[in-house]
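The values are calculated or read from the model by the stated rules, or taken from the named source; none is laboratory data. From a predicted model like this one, the values you see are computed outputs, not experimental measurements. Methodologically, a virtual Cβ is constructed for each residue, glycine included, from the backbone with ideal geometry; neighbour enumeration extends over all protein chains shown.
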């Protein structure tokens, strides 16, 4: 599903489908790494809360926005976005 992505520990992302590169924040790297490793998108907010100092409502909103942005720029396809977190 996300095998076209190469993500470094420092947050450098390469999309082999497009040849485009991106730089992610620590939390963005954490979230995308979880998705690449097969995490269900619905578990991302609680993973974010457990790892970063963020409240659950903020984590849910941040994850929703992150997934929307990944879909918007073509990193996640429509099938990948079907796993978006419910508000």
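With the requirement that a residue be buried (at least 19 other Cβ atoms within 10 Å of the Cβ), assigned to a helix (DSSP H, G or I) and touching a residue at least 40 places away in the same chain (Cβ under 8 Å), what does region 36-76 give you?
41, 44, 45
Taking the condition part of a strand (DSSP E or B) and in contact (Cβ under 8 Å) with a residue 60 or more places away in the chain, does residue 2 pass?
Here the answer is no, as residue 2 does not meet what is asked.
Quick one: would you say residue 2 is in contact with a helix residue (DSSP H, G or I) (Cβ under 8 Å, 6 or more places away or on another chain) and at pLDDT 95 or above?
Spelling it out, it is not the case that residue 2 is in contact with a helix residue (DSSP H, G or I) (Cβ under 8 Å, 6 or more places away or on another chain) and at pLDDT 95 or above.
Please specify each residue of region 8-22 satisfying the condition of being surrounded by 16 or more Cβ atoms within 10 Å (Cβ to Cβ) and either within 11 Å of the chain's Cα centre (by Cα) or not in a strand (DSSP E or B) (or both).
Passing the criteria: only 11.
Kindly provide the set of residues from region 23-35 that are more than 19 Å from residue 1 (Cα to Cα) and surrounded by 15 or more Cβ atoms within 10 Å (Cβ to Cβ), ordered by number.
24, 27
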